[in-house]
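Contents: one structure, followed by commentary.
The values are calculated or read from the model by the stated rules, or taken from the named source; none is laboratory data. What you are looking at is a predicted structure, and each value in this text was computed from that prediction instead of being measured. Using ideal geometry, Cβ is built from the backbone for each residue, glycine included, and neighbour counts are taken over all protein chains shown. Note: areas computed on protein heavy atoms with side chains; ligands, DNA, RNA excluded. Shrake-Rupley method; radii C 1.70, N 1.55, O 1.52, S 1.80 Å.
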Amino acid sequence: MSLLVDIHKNLGDFQLDVSFEADEKVVGLLGASGSGKSLTLRCIAGVETPDRGRIVLDGVTLFDSEKRVNLPPQKRQIGYMFQSYSLFPNMTVQQNILCGMRRVGKKERPALLRRIMENMQLTGLEAHYPHQLSGGQQQRVALARILASEPGLIMLDEPLSALDSYLRWQLETELVRLLERFEGTTLYVSHNRSEVYRICRRVCVMHQGLSEPVCDVAALFERPGTLAAALLSGCKNYSRTERIDTHTVLAMDWGIPLTCGTAVPEDARYIGVRAHYFSLCDGPGENAFVCAVQRVAEDVFETILTVRPKTAEPGRTTANIRIERPKEAVRGIREGDEVWVAVRPKDVMPLRH
Amino acid sequence: MDWYPLYNSLRIAALSSILVFFAGIFAAYYSARLPRGVKGLLDVVLTLSLVLPPTVCGYFLLLLFGNRRPLGMLLAGLGLPMVMDWRGGIAAAAVVAFPLMYRTARGAFESFDQTLAYAGQTLGLSNSYIFWRIRMPVCRQGILAGAVLSFARALGEYGATSMLIGYIPGKTATISTTVYQLWRTNDEAGAFRWVLVNILISAVILVLVNMLESHSKKAVAS
């Protein structure tokens, strides 16, 4: 099971330039909205044609602009689940699922249908129409319909984003269980970093139509590499930097030198620090600097401080630092206070553009 | 009372509606896929007869189907004369009613969720299956409304019809042309009878349209 994608498409004001290889079971496509994730999926499915490039699934060429191969979507054996599930509203649950069985012999359909309905806990809903189902049931029908078509690749486009948070967790658990049983590759598209972190082992970050190399999810969160990946992985603080030596940078927005645990690459243009990794300290020390507290906001389980280094570049809004700490760690701090803030060298992430 | 105008009007309206139904859907479906510039131009051409006076449409039809025009001579040779023959009424009604079907069908297709078609394609359904079994049923309300509207318009057609097929009692007379002829010849009572027939048919059509609309509202609400 493997998927190779290397495609380019020019849409005038938007350039899609995506290349990645998915060999693991569940590979995430993480990107902000408008980064070209859905367009990529449409190209892989064959409902949109790239200008040039190659798409190969399990050794079968689906698209190759040089060899002039472009299989129609009907022949690609790809299960594509849309954000809205796209159940046919004029058909019952049973008819919807039977629509997925075009490649199955007529005689085998009833047995397969029964098995899928049981597996997906849909028994009893055969004659229901999509609008009579709950969000969770609709998702199960959409998945059942896809599984009935025996795809070599399943693509899920933001499958959980249309749901409220309680239902979302239940469905995520269900989805993970189902995907584990599926033998082929799954592409999981999302803009939600936590979801991708929990569901996928490998991830490909997309930013303004460009893809970054596939990496391990854990590595993405520890060493995002680029500013776009860092922001997508939830990093809330960054500063433009100048490299001083292999382990030291000058954070220009903040006006302070910082020591970096990892070697700083020559082409690093930014450093990023997660909101949880700043802490308050008593006075000067390694990577410590003095800040003015701009805002203290009580969140549900923690307190969010917005501070500004005394040495910050005037007028620069990105120079504000967001710190998230447990409530008791920052009790008594008020707006206008002066505090010492520090970050451990290993939590300073050098980032390329 | 001679019921020929009713019979003639109904058959002209029915046949032209069938023609317009398929032509309108075809045009609506394929024009949606054209590049923007071509689409805009085609849209103007296809909708023109909605805003032109029907007599102008009739004039153009005479240019096309006239007895000394190539197409007119060809059709007459095939036993399908269009001028001063009830069959010409089909062409007149169709030309005038076409934009109503085309416009409503296009509106319905444009609001169709394209991901349904994509989902069908990736599941292996053929494009014609997707069109007839998914796109058309999902757009049913809009398409039916367009069909009813164009039938009503075809039934009430006067301008282009009188230009092309005139008024020959028992041959080309329709309800609309009969009302005018009877009134013109001072048969007010006869004209009034046909006016009543006309109002009755229109009322039935309006009730039908309202039923369709309330049905579609219910479908949206559920």
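Net charge near B:ALA76: determine it from the other residues with C-beta under 11 Å of the C-beta of B:ALA76, scoring Lys and Arg +1 and Asp and Glu -1. Walk me through the intermediate numbers first.
Numbers: positive: B:ARG68, B:ARG69, B:ARG87; negative: B:ASP85.
Summing Lys and Arg as +1 and Asp and Glu as -1 gives +2.
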So, how do all the Cα-to-Cα distances of the range B:61-148 break down into 10 Å bins, in percent, from 0 on up? 16, 29, 19, 22, 13, 1
Paired Rg and Dmax values of the range A:308-353, which use every Cα atom, in angstrom: 13.1, 38
Ignoring ligands, DNA and RNA, what percent of the accessible area of the range B:13-75 is carbon or sulfur (1.4 Å)? 75 percent
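Rounded to the nearest 100 Å², what is the buried accessible area between A and B, both sides summed, probe 1.4 Å? All intermediate terms of the calculation are to be shown ahead of the outcome.
Details: alone 17600 and 12580 Å², together 28400 Å².
Chains A and B together bury approximately 1800 Å².
Per residue, what accessible area does the range A:181-319 have, given a 1.4 Å probe and all protein chains present, in Å²?
Values: 6540 Å² over 139 residues.
Averaged over the residues of the range A:181-319, the accessible area is 47 Å².
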With every protein chain in place, the residues of the range A:67-87 shedding 10 Å² or more of accessible area versus the chain by itself (probe 1.4 Å) are A:PRO73, A:GLN74, A:ILE78, A:TYR80, A:PHE82, A:SER84, A:SER86
Over chain A: Rg over Rh, Cα atoms, Kirkwood Rh: 1.07
Okay, which of the range A:337-353 sit inside 18 Å, backbone N to the point 7 Å along the Cα-Cβ direction of A:GLU242? A:351
Highest GNM mean-square fluctuation among A:THR306, A:THR123, A:THR248, for chain A with Cα springs under 10 Å, belongs to A:THR123
Along the charge dipole of chain A, Cβ charges K/R +1 and D/E -1, which of A:GLN15, A:VAL296, A:LEU87 sits furthest on the positive end? A:LEU87
Gap separating the Cα centres of the range A:284-333 and the range A:238-252, nearest whole Å: 20 Å
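Measuring with a 1.4 Å probe in the full set of protein chains, what accessible area per residue, in whole Å², belongs to the range B:1-127? Please report the intermediate quantities before stating the final value.
Values: 6510 Å² over 127 residues.
Counting only protein heavy atoms, the per-residue value for the range B:1-127 is 51 Å².
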Net lengthening on full extension, B:TRP132/B:ARG68 (0.36 nm per residue, minus Cα-Cα): 18.9 nm
If you project the alpha carbons of the range A:111-211 onto their three principal axes, what span does each projection cover, largest first, in Å? 43, 30, 22
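When the convex hull of the Cα atoms of chain B is projected onto a plane and the area is averaged over all directions, what value comes out in nm²? Walk me through the numbers before you get to the answer.
Working: hull surface 59.7 nm².
Result: 14.9 nm².
Just to confirm the filter: which trypsin sites (Lys or Arg not before Pro) across the range B:1-107 are DSSP coil and have at most 14 other Cβ within 10 angstrom of their Cβ? Please list the in-between numbers first.
Values: sites: B:ARG11, B:ARG33, B:ARG36, B:LYS39, B:ARG68, B:ARG87, B:ARG103, B:ARG106; in loops: B:ARG33, B:ARG68.
Those that pass, being in a loop and sparsely packed, are B:ARG33, B:ARG68.
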Compute the projected area of the convex hull of the Cα atoms of the range A:204-336, averaged over all viewing directions, and report it in nm² to one decimal place. 9.3 nm²
List the residues of the range B:98-124 for which accessible area in the full set of protein chains is at least 30 Å² lower than for the chain on its own; 1.4 Å probe, protein heavy atoms only. B:THR115, B:LEU116, B:TYR118, B:ALA119, B:GLN121, B:THR122, B:LEU123, B:GLY124
For the range B:116-164, which whole-number percentage of the solvent-accessible area (1.4 Å probe, protein heavy atoms only) is attributable to carbon and sulfur atoms? 61 percent
With the label point 7 Å along the Cα-to-beta-carbon line of A:GLN294 and a cut-off under 19 Å to each amide N, the hits in the range A:219-255 are A:231, A:235-241, A:251-255
Pseudo-spin-label distance B:SER214 to A:GLN15, built 7 Å along Cα→Cβ, given in nm, is 5.9 nm
Run the quick spin-label model on A:TYR166 and A:ARG52: label points 7 Å from Cα toward the beta carbon, then report their separation in nm to one decimal. 5.4 nm
Report, to the nearest whole %, how much of the accessible area of chain A belongs to carbon and sulfur atoms, 1.4 Å probe, protein only. 48 percent
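Tell me, Kirkwood radius of the range A:79-169 from alpha-carbon pair distances, in Å?
Values: mean 1/r = 0.0751 Å⁻¹.
It is 13.3 Å.
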Counting all Cα-Cα pairs in the range A:1-135, those more than 17 Å apart amount in percent to 68 percent
